[in-house]
Amino acid sequence: MKRSTVEALVLLAALCLVFGTLGWRMGGDNLINTLTNTAHNLLLNTVFYLMGITVLTGALSKLMSEFGVVSLLEKVLRPLMKPLYNLPGVAALGGVMTFLSDNPAIIALSKDKTFSSYFKKYQLVSLTNFGTAFGMGFVVIVTMISYGQAGGALVGLLGAVCGSVISTRMMQHSCRKAFPEMEELVSSAPPVQDVQTEEDTTQKSVFMRFLNAILDGGKNGVELGLAIIPGVLIITTAVILITFGPGPDGYTGAANQGVPILPWLAEKIHWVFEWLFGFEDMRLIAFPMTALGSVGASLGLLGTYNDAGILNGNAIAVFTAIGMCWSGFLSTHTAMLDSLGYRKAISKALGAHTVAGLCAGIIAHFAYMLFSLI
């Protein structure tokens, strides 16, 4: 039997098993209606809300870049790079850029020969872990604060920073141990200029620079908002279907209904999540699991959690830490390392980042407990 035939049969069997089980419990017509209503609700009430945030944050980040704030932040953060991450000072620029945009921003820098000449090979590879830990950080934090939990969001940022240190250091240690040849410099040619070149702005007025920056940044925000639509609609709808139960009147085909398979499984080891993350409701476990594939999709769960009354300061802190640190790394890490030409390090990068994300959530939980006592 051909491989394609086997794959087709396996896929059909899996689809029949999943949708057959859900349809048996919810009713076939209710399942279809819930799928479409949930996707429609997410599109109108979550995606457009997140797009509004990405447009505003995109405009602000471009404005900060145009008027030198990004350069200033990079210079301030440079002294922390070596002691915390064992990276050259210029790596701070990568952290700032991914925080203001998304994970792949680190690749554009890594491929710059001037930028990469500062690094040894194992350090350059670890930039994928370092940059991913801050991906979409600005959007995540602003979204969390919009739910009235600024304290929890800032505690979560602390957890994400700790997770980034753990991930980067673990990645470097694994690569140095497994690939001794990575100890050499990426390029023997010394850097001849600063990695962040300044645009000649003498011919532009301050007003035009301001206007162009916010419009270009807003346009980038629209593109990012459009990019998260598939993840939010597909992944979040699927997660909701196996996380939340029927409504007050049973299964009616309304949005955000489902069969609570995931909480049922989590209840079997509920003490682990309660102690490590402070989750009192096992439906909360859906957020970090979704963040593995898309942090934008995981943000789509916040409104449902808020409506259910289970979104508190501790959850926001843990969600911010894990959401930033993981930020969809399962869907980007492989492509990022492959583009750098270090496919052999993919498994080590994924392992290090998985551990780091869990550590970030744990640190955020206990840090929030201390914060609550103040």
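Rule-based calculations on the coordinates, nothing more; no lab input. On a predicted model such as this, the values are computed, not experimentally measured, just so you know. Positions of Cβ are generated from backbone atoms using ideal geometry, with glycine treated the same way; all protein chains shown enter the neighbour counts.
Over the chain, dividing the summed -39,500 (n - 2.57) contributions of all DSSP H runs of at least 4 residues by the number of residues returns a 222 nm mean residue ellipticity of -21500 deg cm²/dmol.
Couplings 3J(HN,Hα) of the range 115-125, computed from phi: 5, 5, 5, 7, 10, 7, 4, 5, 6, 5, 5 Hz, in residue order, whole Hz [Karplus 6.51 cos²θ - 1.76 cosθ + 1.60, θ = phi - 60°; x for Gly and Pro]. Paramagnetic label reach from VAL18 (point 7 Å along Cα→Cβ; backbone nitrogen cut-off under 19 Å): within the range 224-244, residues 229-244.
For LYS120, the residues 5 or more places off, or on other chains, whose built amide H falls under 5 Å of its own are VAL186. Overall, the range 1-153 carries a charge dipole of about 600 debye about its Cα centre when +1 sits on the Cβ of Lys and Arg and -1 on the Cβ of Asp and Glu, all other atoms neutral. Taking the longest Cα principal axis of the chain as reference, the axis of helix 206-227 is set at about 40 degrees. Binning all Cα-Cα separations of the chain at 10 Å, short to long from zero, yields these whole-percent fractions: 5, 22, 29, 25, 13, 5, 1. The charge dipole of the chain, taken about the Cα centre with unit charges on the Cβ atoms of Lys, Arg (+1) and Asp, Glu (-1), comes to about 900 debye, rounded to the nearest 20.
How much length would be gained if the chain were fully extended between LYS82 and LEU44, taking 0.36 nm per residue of separation minus their Cα-Cα distance, in nm to one decimal? Don't skip to the end; give the middle numbers.
Working: separation 38, 0.36 × 38 = 13.68 nm, distance 4.46 nm.
So the extension gain works out to 9.2 nm.
Here the Karplus curve 6.51 cos²θ - 1.76 cosθ + 1.60, taken at θ = phi - 60°, turns the phi angles of the range 273-281 into couplings of 6, 5, 6, 7, 10, x, 6, 8, 10 Hz, with x standing for Gly and Pro.
What length, rounded to one decimal in nm, is gained on full extension from SER4 through to ARG25, with 0.36 nm per residue of separation minus their alpha-carbon distance? Mind showing how you got there, number by number?
Values: separation 21, 0.36 × 21 = 7.56 nm, distance 3.17 nm.
Additional length available on full extension: 4.4 nm.
Take the Cα of VAL222, step 7 Å toward its Cβ, do the same at ALA254, and the gap between the two points is 3.6 nm.
Let me know the longest stretch in the chain that avoids all trypsin sites (Lys or Arg not before Pro) found in a DSSP loop with at most 15 other C-beta atoms within 10 Å.
Values: sites that count: LYS2, LYS111, LYS204, LYS268.
That would be 3-110.
Using a cut-off of 15 Å between beta-carbons, work out the net charge of the residues near ASP338 (Lys and Arg +1, Asp and Glu -1, ASP338 not included). Provide the component values of the computation, followed by the final result.
Working: positive: LYS111, ARG343, LYS344, LYS348; negative: none.
Overall, the nearby charge balance is +4.
Seen from LEU84, the other residues with C-beta closer than 12 Å to its C-beta sum to a net charge of +3, counting Lys and Arg as +1 and Asp and Glu as -1. Comparing Cα centroids, the range 57-86 and the range 281-356 end up 23 angstrom apart.
Treating r as the C-beta distance of TRP264 and PHE207 and R0 as 41 Å, the FRET efficiency rounds to 0.10.
Of all lysines in the structure, the ones whose alpha carbon falls short of 23 Å from that of LYS120, not counting any fewer than 8 places away in one chain, are LYS75, LYS82, LYS111, LYS177, LYS344, LYS348.
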